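Notes for the one structure printed next.
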Amino acid sequence: MRALTFLLLESGAGMTGADSGKTRLVVGGATIAGLIAAWYIASTTGAIPKLDFPSPEQFVAAARQVVVEPGFADGLLFDHLLHSVKIILLGFFAATAIGVPLGLWMGWSRTAEALINPIFLLIRPIPALAWIPLAIVWLGLDDAAKVMVLWFAAFVPSVINSYTGVRSIDRPIIEASRMLGIGRMAVITDVIVPGALPSIFTGLRLSLQGCLTALVAAELLGAILGLGKVLYQAGLDIYPAMILVGMVAVALTGFVLTALLDVVESRSMPWRKR
Amino acid sequence: MADIVLDGVSRVFGHGDKRFVALDKVSYTVADNEFVAVVGPSGCGKTTCMRMAAGLEFPTSGTCKVGGKIVDRPGPDRAVVFQQFALFPWKTVQQNIDFGLRSLNVPRSEAGDRIAASIKLMGLEGYEAAYPHQLSGGMQQRVAIARAYVLNPQVLLMDEPFGALDAQTRTVMQEELLRVGRINPRTVMFITHAVEEAVYLADRVIVMTRRPGRIKETIDVKPVRLAEKWDNYERIEDVMDLESFVHLRTRIWRLLREQHDPADH
């Protein structure tokens, strides 16, 4: 297995130019395969105590338990996943639907900046997780409380990056639109928004990442369903294999959601393609 | 009538110790359909003059009028061609040229004809659907000029439009501009630091001094151009070889050299 990994790496390193995408895939796959192989060897030889870190077999068994039957922490993985993703999307869209326009407005109008920035400067340094106690007091251990925490996690980066997006538009481009006599609405839709779009998407990616982090933290504190609940319950049960399954599930969720955002990003900026 | 009249225009930046005079009581006129090139060392305020005519900057004192009206804002009647092109990267060539027409509420059928005409004029056929980043610098500047011409502006303001281009492309663009100017004469204020370009293109060349920006001298090129029949030559290098051209060029060079500040070196 190891020898195979080295072989793959060797052949990958030898490739150039046109194959680089493929090469990267091969090298990446080989790295992960190597890691799994090392894990397998380390746990069968007893280099890692099974109580601290699960063996691959234990991992697969735990994964089967939660994915198929009978489930774990009051549900199947699919139920937990669906519930978590629902909260992530609710928090993400509720925050960015307000954050992006607000950031754009602050970037465009000095008046808006003067009005809103002081409030924003107060909220900005508060870590999203610091809102958890208040969210629980106000909204209980409900989903609404989690959505509120995620809202703050996603709100801040979407505002900041939309704001810098507008500010980073080349001055001559703004001047060109004024010279052309473009009306207010068209300046917003045809100049400000597309000009800020690359930065807006940077913000959205950070917002999404913030949502994922905040979700797991919020669910650790109490939830009926969710990936954080799986992690929490597995921790209470001292069940390392299930903890690992939960972590992998969180990682895959983040990976898929980010990939979806990447697709939306490249679709919304056709001019950036070669 | 679309003349540009700068009357005693001054522009002062900062105050106190940091106060510096960029333009000092500059007065000149660009007559209707006249092509005036403004040359001068960097920091002489030549671009500031153009930006005032464009309505992108305003004089500290004095007035800047275009077509008899004091300039108080930018507008499509005074089209600007920027040094860095300033195209909208997210719009195709066609959309870039069309954008100004939409705000002028030109009927769609007429807009289509005008866009097609300006695309043809600037030799951009076949590139309508391309995005700016897919084009070379020279092609991008053609789009910027097409975007200005399509508005049918009375006044064209060009701020070192060929400054960012390589030598060959610049030569082609200069010849093109002269050709387009013959088909469609306009009042043009052309800012440049390239003396040859100024003599080749302009009816009149205004030489400015640096800090504070003042007018050093105005050189009439048009009478020489007509008398020596420069227009009979198609290529810029043939014109540049003419004795009359060399004479004017040298004269302007001397004017610029005289004010060369030895403290700079």
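Read the figures in this text as sums done on the coordinates, not as results from a lab. Owing to the predicted nature of the structure, the values given are computational and were not obtained by experimental measurement. For neighbour counting, all protein chains shown are included, and Cβ atoms are generated from backbone atoms with ideal geometry for every residue, glycine included.
A few notes on this one:
- Over all other residues within a Cβ to Cβ distance under 15 Å of A:CYS211, the charged ones net out to +1, with Lys and Arg as +1 and Asp and Glu as -1.
- Taking all Cα pairs closer than 8 Å and separated by 6 or more residues, the relative contact order of chain A comes to 21 percent.
- Placing a pseudo-label 7 Å from each Cα along the Cα-to-Cβ vector at B:THR29 and A:ALA144 gives an inter-label distance of 7.5 nm.
- For B:ARG179 and A:THR111, the FRET efficiency from 1/(1 + (r/R0)^6), where r spans their Cβ atoms and R0 equals 45 Å, is about 0.40.
- The ranking of B:GLU110, A:GLU57, B:GLU175 from fewest to most other beta carbons within 10 Å of each one's beta carbon is B:GLU110, A:GLU57, B:GLU175.
- Rounded to 5, percent antiparallel among DSSP beta bridges of the protein assembly as shown: 55 percent
- At R0 = 22 Å, FRET efficiency that the Cβ-Cβ distance of B:GLN95 and A:VAL263 yields, to 0.05: 0.40
- Tensor-based shape of chain A (alpha-carbon gyration tensor, a/c under 1.5 rounded, otherwise prolate or oblate): oblate
- Under Karplus coefficients 6.51, -1.76 and 1.60, residue-wise ³J(HN,Hα) of the range B:200-210 in Hz, glycine/proline x: 5, 8, 8, 7, 9, 10, 9, 9, 10, 9, 9
- Subset of A:LYS86/A:LYS229; B:LYS65/B:LYS216; B:LYS69/B:LYS120 violating a 24 Å alpha-carbon distance limit: B:LYS69/B:LYS120
- Cβ-based net charge around B:LEU87, under 11 Å, with every Lys or Arg adding one and every Asp or Glu removing one: +2
- Spin-label pair A:LEU134-B:ARG19: with each label point 7 Å from Cα along the Cα-Cβ axis, the two points sit 5.0 nm from one another.
- GNM top mover of B:ASP17, B:ASP72, B:ASP231 - chain B, alpha-carbon springs below 10 Å: B:ASP17
- With a Förster radius of 41 Å applied to the beta-carbon distance between A:ALA38 and A:THR189, the computed FRET efficiency rounds to 0.15.
- Exposure proxy ranking for A:SER43, A:SER168, based on other Cβ atoms within 10 angstrom of each Cβ and starting from the fewest, stands as A:SER168, A:SER43.
- The rule of thumb for compact globular proteins, 2.2 N^0.38 Å, goes into the C-alpha radius of gyration of the protein assembly as shown 1.35 times.
- Extension gain for B:LEU242 to B:SER109 (0.36 nm times residue separation, less C-alpha to C-alpha distance): 43.3 nm.
- Whether chain B is rounded, prolate or oblate, judged on the alpha carbon gyration tensor where a/c under 1.5 counts as rounded: oblate
- Amide H contacts under 5 Å for B:LEU23, placed H, 5+ residues apart: B:ARG11, B:GLY213
- Scanning chain B for trypsin sites (Lys or Arg not before Pro) in DSSP loops with at most 13 neighbouring Cβ atoms within 10 Å leaves B:20-228 as the longest stretch between them.
- DSSP H segments from chain A that extend 24 Å or more along their own axis, Cα-based, with Kyte-Doolittle mean of 1.0 or above: A:77-108, A:193-220, A:240-268
- Label sites at B:PHE58 and A:ILE238, each approximated as a point 7 angstrom past Cα along Cα to Cβ, lie 7.7 nm apart.
- Sum of side-chain charges, B:ARG204 neighbourhood, beta-carbon under 9 Å (Lys, Arg +1; Asp, Glu -1): -2
- For the range B:78-152: rounded, prolate or oblate by the Cα gyration tensor [a/c cutoff 1.5]: prolate
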